[in-house]
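Participant: Provided herewith is a single structure, encoded as structure tokens, for subsequent inquiry.
Throughout, read-outs are computed from the coordinates displayed, never taken from laboratory work. Given the structure is predicted, the values throughout are model-derived calculations rather than measurements. Here Cβ is always computed from backbone atoms with ideal geometry, including for glycine, and neighbour counts include all displayed protein chains.
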Amino acid sequence: MTRVVGLDVSKSCVSCCLLTEKPSSPREFYYECRFYKFDTTQTGLTGLMLLRPEIAILEPTGMNYSRFWVEHLTRAGVEVRFVGHKQLRNYRENHLALPDKDDDADSLALACYQFDYGSDLGRFVRVRDRTISRMRELVLRLNHLSRIQSPIINRVRQDLAWQFPEVALVKSVRGVSGKVPLLWGWLCGQRESKKYDLLYQNTAGLGLTNSVKFHAERICSLQIEEQLIEDQLAAILADERFAAYREVFQNFNFGDRTQSIILSQIYPLENYLGEDSKPIIKIRKGRKSGKPTKRHLSLRKFQKALGVAPSQESSGDISKSKVSGGSALCRRALWQWVFSTVEPSKRRTNPLLEELGEFLDTEKSAGKPVKLIRMRVAVRAVKLLFKMLT
């Protein structure tokens with residue numbers, strides 16, 4: 001008998017259900033089952049290991065919280081699997097008819113899921129290898145640093161508008177040397193600049209305050225952390241396993257950040273292909289036309305992973321399509337790439353970018369909304385990317 005534990009992870013503890021077989025009536029078993037609760041401590045970890053689990057089933061939520069348990073279980077030789085949130089919710093409500101959602105009900109549902117679908121790995125969330133997981137972690141940290149910098153920079157610019165207005169709108173970024181941005185470094189005393197010294201001597205502003213200095217120090221600290229993370233990402237991208245992917249990425253002029261974001265979602269490409277290592281294409285009868293229609297399943301899955309797969313919404317006479325689901329981080333990165341690399345005509349440095357740029361210009365001349373155009377360009381780019389990768 002296989003010892004399966006369903007684990008519902010919280011911030012500082014984990015709810016656990018141990019099963020050796022699926023109960024005949026999960027709803028009744030819920031009221032009789034002995035559930036365990038272990039704190040995220042050495043004592044809690046020891047308690048979990050005393051259950052002698054062979055397979056552990058979790059949801060891929062709050063990876064910062066579950067990482068503690070996943071790492072220790074893996075080191076102990078326990079097989080760890082993940083079930084998607086949507087799949088578990090449907091399974092718990094429709095198959096098990098468990099009572100209102102709580103931690104114990106989730107842990108029971110997770111354990112039961114293994115007995116019903118354990119032989120079908122396609123029903124479990126794909127687990128990234130360590131290198132890709134590390135890349136994903138660094139990408140998310142960079143995204144976090146960008147988010148927390150924006151309000152600080154905005155606050156400083158508002159203060160500079162009356163303290164030192166001549167530099168309030170200066171765009172200051174890190175150079176290739178890796179030093180902190182000149183303006184922010186000068187404001188907090190970390191860099192010297194005769195240019196800003198002279199400007200400040202003749203400023204019409206009311207003078208700099210300590211608040212600006214402290215904010216500039218924070219920005220410099222965040223920029224240094226960003227640089228360290230980018231260096232780590234560059235080292236990971238140099239892995240020979242990614243060489244073929246990066247060769248294709250060069251056609252799109254993706255920067256290291258964008259490459260890392262995309263790679264962390266799509267690697268390895270084999271996950272999107274059939275057993276013959278080719279894209280899966282099925283011919284099915286069209287629901288409306290009734291004629292044989294090609295269904296590009298691999299491409300659709302690839303688009304979904306990058307957050308640019310359209311979903312159809314119909315009700316009565318109203319039918320519309322919108323992009324939803326998938327990675328919001330990828331979707332945002334692709335949108336920014338369109339804005340910075342495809343839209344400016346001077347950045348179109350190869351035939352592929354020129355083709356996408358001409359499509360964008362044509363859509364603009366037709367008077368379509370700019371946001372819609374950019375997303376359509378991103379969708380077209382992802383289709384080309386998949387074609388070139390395969």
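Participant: Does region 131-237 come out rounded, prolate or oblate, given a ≥ b ≥ c as the square roots of the eigenvalues of its C-alpha gyration tensor, rounded meaning a/c under 1.5 and, failing that, prolate meaning a/b above b/c?
Facilitator: Verdict is prolate for region 131-237.
Participant: Which translational diffusion coefficient, to the nearest whole µm²/s, is obtained for region 187-279 from the Stokes-Einstein equation, given a Kirkwood hydrodynamic radius over C-alpha pairs, 10 °C and 1.306 mPa s?
Facilitator: 91
Participant: What shape does region 248-389 have by the C-alpha gyration tensor, where a ≥ b ≥ c are the square roots of the eigenvalues, rounded means a/c under 1.5, and otherwise prolate means a/b greater than b/c and oblate the rest?
Facilitator: Oblate, because a/c is 1.5 or more while a/b does not exceed b/c.
Participant: Consider a paramagnetic label point 7 Å from the Cα of ASN90 along Cα→Cβ; state which residues of region 110-129 have an amide N under 20 Å from it.
Facilitator: Counting backbone N atoms under 20 Å from the label point, the list is 110-127.
Participant: Mind ranking 221-231, 370-380 by how tightly packed they are, going by the mean number of other C-beta atoms within 10 angstrom, highest first?
Facilitator: Highest mean packing first, the order is 370-380, 221-231.
Participant: Identify which of GLY274, GLY207, GLY286 has the largest mean-square fluctuation in a Gaussian network model of the chain, with springs joining Cα atoms closer than 10 Å.
Facilitator: Taking springs between Cα atoms under 10 Å, the residue moving most is GLY286.
Participant: Would you grab the residues whose amide H sits under 5 Å from the one on VAL83? Only those 5+ places off in sequence or on another chain, please, with H modelled 1.01 Å from N.
Facilitator: Counting only residues 5 or more places away or on other chains, the set is LEU58, GLU59, VAL125.
Participant: Calculate the spin-label point distance for LEU208 paired with TRP162, positioning each point 7 Å from the Cα along the beta-carbon direction, and give it in nanometres.
Facilitator: Placing both labels 7 Å along Cα→Cβ, they lie 1.9 nm apart.
Participant: In deg cm²/dmol and to the nearest 500, what is the mean residue ellipticity at 222 nm of the chain if only DSSP H runs of at least 4 residues count, each as -39500 (n - 2.57), divided by the residue total?
Facilitator: Values: 15 runs with 197 residues, N = 390.
For the chain, the value works out to -16000 deg cm²/dmol.
Participant: For the chain, set up a Gaussian network in which alpha carbons nearer than 10 Å are linked by springs, and say which option among SER327, SER25, SER260 fluctuates the most.
Facilitator: SER25
Participant: How would you order 13-23, 193-203, 155-165 from highest to lowest mean count of nearby Cβ atoms within 10 Å?
Facilitator: Most protected by this proxy first, the peptides run 13-23, 155-165, 193-203.
Participant: Same structure again: For PHE82, what charge total do you get from the other residues with a beta carbon under 11 Å from its beta carbon, if Lys and Arg give +1 and Asp and Glu give -1?
Facilitator: Working: positive: ARG81, ARG123, ARG126, ARG128; negative: GLU59.
Taking every Cβ under 11 Å from that of PHE82, the sum is +3.
Participant: Over what distance in Å are the Cα centres of region 139-165 and region 234-282 separated?
Facilitator: Using only Cα atoms, the two centres lie 33 Å from each other.
Participant: Given a cut-off of under 8 Å on Cα pairs at least six residues apart, what relative contact order in percent is computed for region 4-123?
Facilitator: Worked out over region 4-123, it gives 37 percent.
Participant: How do ILE219, ILE261, ILE153, ILE283 rank when sorted from fewest to most other Cβ atoms within 10 Å of their own Cβ? Walk me through the numbers before you get to the answer.
Facilitator: Working: ILE219 22, ILE261 27, ILE153 16, ILE283 8.
Lowest count first: ILE283, ILE153, ILE219, ILE261.
Participant: Continuing with the same structure: Could you run the Karplus curve 6.51 cos²θ - 1.76 cosθ + 1.60 with θ = phi - 60° over region 32-43 and give me ³J(HN,Hα) per residue in whole Hz, x for Gly and Pro?
Facilitator: Rounded to whole hertz, the list is 9, 5, 8, 8, 10, 9, 10, 6, 7, 9, 5, 5.
Participant: Same structure again: Full-extension gain between LEU169 and LEU389, please, as 0.36 nm times their residue separation minus the C-alpha to C-alpha distance.
Facilitator: Going from the current span to full extension adds 75.0 nm.
Participant: ARG284 to LEU145: extension gain in nm, 0.36 nm per residue of separation minus the Cα-Cα distance?
Facilitator: Working: separation 139, 0.36 × 139 = 50.04 nm, distance 4.63 nm.
Additional length available on full extension: 45.4 nm.
Participant: Taking the Cα centre of the chain as origin, sum charge times position over the Cβ atoms of Lys and Arg (+1) and Asp and Glu (-1), and report the length of that vector in debye to the nearest 20.
Facilitator: 1520
Participant: Please work out the C-alpha center-to-center distance from region 199-233 to region 329-384 and express it in whole Å.
Facilitator: 33
Participant: Would you work out the charge dipole size for region 157-241 about its Cα centre, treating the Cβ of every Lys and Arg as +1 and the Cβ of every Asp and Glu as -1, and quote it to the nearest 20 debye?
Facilitator: For this selection, approximately 340 debye.
Participant: State, as an integer percentage, the relative contact order of the chain based on alpha-carbon contacts under 8 Å between residues 6 or more apart.
Facilitator: 10
Participant: Let a ≥ b ≥ c be the square roots of the eigenvalues of the Cα gyration tensor of the chain; is it rounded (a/c under 1.5), or, if not, prolate (a/b larger than b/c) or oblate?
Facilitator: Oblate shape, in that a/c is at least 1.5 and b/c is the bigger or equal ratio.
Participant: Only bridges with both residues in the chain count here: give the DSSP antiparallel percent, nearest 5. Let's see the in-between values first.
Facilitator: Working: 22 of 29 bridges.
Antiparallel bridges make up about 75 percent of those DSSP assigns within the chain.
Participant: Then there is this: Can you list the lysines whose alpha carbon sits under 18 Å from that of LYS179, skipping same-chain ones fewer than 8 residues off?
Facilitator: Excluding near neighbours in sequence, the set is LYS171, LYS194, LYS195, LYS213.
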